[in-house]
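**Student:** Before I ask anything, let me first share the structure, which is written out below as structure tokens.
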Amino acid sequence: MKKRFWRCFVCNDIHFGIAPPELCPTCKVLDAYVEISAEEARKILGGGPGVSQTADEFRAAIERFTTGNEFQVNPDREKVDLLVKGIFENERNHGLKYCPCRLRTKDWEEDLRIVCPCNFLIHDTYKGLPDGECWCGLFIRRK
Ligand code: SF4
């Protein structure tokens, strides 16, 4: 089933899923979601050139993301610096933190799949490998 965009008519919370949540997690109103287009969602979310987070905030966010997970941020600081630089260049030039080592299709909805962090658990470079890593090596399997 295809995921679609939904907007809470009370607080403009955006949900991307097969169905809208019954309860808005932001304003707690029941049955508040209306379906909107991907383009409308993009505008509401502020998609477009611009940087929404600093590189340090992004690093802190991905460290929190890995806590308690089977993967960690690559301890190779130099490599991570380069990848984060590429991610932020993509955000500046193309509006979202796209993967620094894969090409966009230019279909905004399709390209949401390569916003970092992506679903790298399914990558051949990660899946089932003791030394698995995401396609770019930003995340590696925790030992
Ligand atoms: S492959 Fe790694 S760097 Fe690229 S988007 Fe996925 S998690 Fe981020």
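**Student:** Go through (1) within 16 Å of the ligand (Cβ to nearest atom); (2) over 22 Å from K127 (Cα atoms) and name the single condition A32 misses.
**Tutor:** Here A32 meets the rest and fails (1).
**Student:** Please name all residue pairs, on different chains or six or more residues apart, with Cβ atoms under 6 Å, provided the first residue is in the stretch 89-109 and is on the phi < 0 side of the Ramachandran plot and free of Cβ contacts under 8 Å to residues at least 24 places away in the same chain and the second residue is more than 10 Å from the ligand (Cβ to nearest atom) and among the charged types (D, E, K, R).
**Tutor:** Matching pairs, first to second residue: Y98/R104; R104/D111; T105/D111.
**Student:** If you don't mind, there's one more thing I want to ask. Can you list the helices (runs of 4 or more DSSP H) found entirely within the stretch 1-98 that contain at least 2 residues being among the acidic types (D, E), modelled with pLDDT under 95 and loosely packed, with under 13 Cβ neighbours inside 10 Å? Lay out the reasoning, then the answer.
**Tutor:** Values: elements: 38-44, 55-66, 77-94.
Counting at least 2 such residues, we get 55-66.
**Student:** Now for a different question. Going by the structure shown, is I18 outside the structural domain of R113 (by TED's automatic domain parsing), touching a residue at least 12 places away in the same chain (Cβ under 8 Å) and more than 30 Å from E89 (Cβ to Cβ)? Step through it out loud before you land on a result.
**Tutor:** Numbers: outside the structural domain of R113 (by TED's automatic domain parsing): yes; touching a residue at least 12 places away in the same chain (Cβ under 8 Å): yes; more than 30 Å from E89 (Cβ to Cβ): yes.
The answer is yes for I18.
**Student:** Sticking with this structure for a sec: Out of the residues in the stretch 102-124 that are in a loop (DSSP other than H, G, I, E, B) and surrounded by 14 or more Cβ atoms within 10 Å (Cβ to Cβ), state the one that is farthest from the ligand (Cβ to nearest atom).
**Tutor:** First, pick out the residues of the stretch 102-124 that are in a loop (DSSP other than H, G, I, E, B): 102-107, 116-119, 123-124.
Of the ones still in play, those that are also surrounded by 14 or more Cβ atoms within 10 Å (Cβ to Cβ) are 102, 104, 116-118, 123.
Details: R102: 6, R104: 11, C116: 3, P117: 4, C118: 3, H123: 7 Å.
Result: R104.
The values are calculated or read from the model by the stated rules, or taken from the named source; none is laboratory data. None of these values were measured; they are calculated from a predicted model. A quick note on method: Cβ atoms are made from the backbone with ideal geometry, for glycine too, and the neighbour counts reach across all protein chains shown.
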